[in-house]
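Visitor: Got a structure for you, questions after.
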Amino acid sequence: MSHRELVVLGTASQAPTRRRNHNGYFLRWDGEGLLFDPGEGTQRQMLFAGVTASQITRICITHFHGDHCLGLPGVLQRMSLDQVPHAVDVCYPAESQEVFGRLRHASLFRDRLQLREQPVGQNGPITGGTSFRLQARALSHSVPTFGYQLVEPDGRRMLPEKLAAFGVTGPDIGRLQREGRLAADGRMVTVEEVSEPKPGQRFAFIMDTRLCDAAFALADRADMLVCESTFANAEAELARDYGHLTAGQAGRIAAQSGARLLVLTHFSQRYESGDDNRLAGEAASAFGGEVVLARDLDRIPVPRRPAAAGPVAAVLAEGGA
Ligand SMILES: [Zn+2]
């Protein structure tokens, strides 16, 4: 079974509080580890969360306000100290390349890093992993900001009982998957007959932004949507002025984009633990799906996609007719 989960390293915007570290998120996705927006203190939060520097395979930065990047120098130097043996992709808004350069060389250290810089200058695909595509879209904030979307291509799930019924066993299963058809027991078997569609999973990461089309596009059919909700609904005007979302707007994005699980985070320091239910409630009133209000060091599994029952049932019905 694949291992896909979000490790929450911090949930505060602008200023950390006693119970919230600055932003920071680590997405475990099979063999990859994507670090998003490492705010100040991220290196130590990783230690508390059991995330090592070697587990990072990519770093994605939405923008260069301090709460989203002041932890980068520490994380990079820790990766160097630990002699991380693999190359690490780093995505960030191309317009802020100079700021990245300052953080990259913020202090003196023995530099063993193998970074592949991927400045993001426009909407679209950035880079692909073995099992996903990573895409970016420009958001609407006060400085250049990109949100990220991870998309796993659709595939097919092999059905053991069908394979057995058609007499396909052992290495023939792999051959059938690769070639699409195979002779077994004197007849031709197609991969469609012994498998069902397996929709790919999607993850979306939306940080500092006003409501904008890009936010909805990024969230499109996300199994997990991590979305900033800096303010409560009562502060909607402040949110718009400073280029942020309210909890209710995060809920609206999730609802209209067909997301499944909404993870709220990036809270203003004006909200304390007593406000958690209020913020989650405001998002939930706009979104019928599951809402999780992120707390530091939470581990939140990416919800598994249910099998696409519709098309399979149709195929079976056709076959039986
Ligand atoms: Zn910001």
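Visitor: Going 7 Å from the Cα of Arg156 toward and past its Cβ, which residues in region 170-192 have a backbone nitrogen under 11 Å from where you end up?
Guide: 176-182, 189-192
Visitor: Hey, another quick one. Measure nothing but the geometry: give the 0 to 90° angle between the long axis through the Cα atoms of 247-257 and the longest principal axis through the Cα atoms of the chain, rounded to 10°.
Guide: 30
Visitor: Between Leu47 and Glu290, how high is the FRET efficiency from 1/(1 + (r/R0)^6) when r is the Cβ-Cβ distance and R₀ = 41 Å? Nearest 0.05.
Guide: Details: r = 29 Å, r/R0 = 0.72.
Plugging the Cβ-Cβ distance into 1/(1 + (r/R0)^6) gives 0.90.
Visitor: Report the residues of region 126-156 in range of a label on Ala255: point 7 Å along Cα→C-beta, backbone N strictly under 11 Å from it.
Guide: Backbone N within reach: none found.
Visitor: So if each residue of separation counts as 0.36 nm, and I subtract the Cα-Cα distance between Gln114 and Arg304, what length gain in nm does that give?
Guide: Length difference between fully extended and current span is 65.1 nm.
Visitor: Here is a follow-up. Per residue, how much accessible surface does region 198-273 expose to a 1.4 Å probe? Answer in Å², no decimals.
Guide: Working: 2420 Å² over 76 residues.
Value for region 198-273: 32 Å² per residue.
Visitor: Give me the distance between the Cα centres of region 135-157 and region 1-37, rounded to whole Å.
Guide: 16
Visitor: Hey, another quick one. Ignoring everything except DSSP H segments at least 4 long, calculate the 222 nm mean residue ellipticity for the chain; use -39,500 (n - 2.57) per segment, divide by total residues, nearest 500.
Guide: Mean residue ellipticity, 222 nm, calculated: -7500 deg cm²/dmol.
Visitor: Sticking with this one: Rounding to the nearest 10 and keeping the result within 0 to 90°, find how far the Cα-based axis of helix 309-320 lies from the longest principal axis of the chain.
Guide: Computed tilt is about 10 degrees.
Visitor: For the chain, take every pair of Cα atoms, bin their distances at 10 Å starting from 0, and report each bin as a whole percent.
Guide: Spelled out per bin, shortest first, that is 6, 25, 31, 19, 12, 6, 1, 0.
Visitor: Another question, if that's okay. Please compute the modelled spin-label separation between Ala183 and Arg104, points set 7 Å along Cα→Cβ, answer in nm with one decimal.
Guide: Result: 5.7 nm between the two label points.
Visitor: In addition: For the chain, what % of the accessible area comes from carbon and sulfur atoms, probe 1.4 Å?
Guide: Exposed carbon and sulfur together represent 50 percent of the surface.
Visitor: To continue, here is another question. Per 10 Å bin, what percent of the C-alpha pairs of region 31-144 does each bin hold, from zero upward?
Guide: With 10 Å bins starting at 0, P(r) equals 14, 48, 33, 5.
The values are calculated or read from the model by the stated rules, or taken from the named source; none is laboratory data. What you see is a predicted model; the values in this text were computed from it and never measured. Ideal geometry is used to build each Cβ from the backbone, glycine not excepted, and the neighbour counts take in all protein chains shown. Remember, those area values only see protein heavy atoms, side chains included, never the ligands or the DNA or RNA. Shrake-Rupley method; radii C 1.70, N 1.55, O 1.52, S 1.80 Å.
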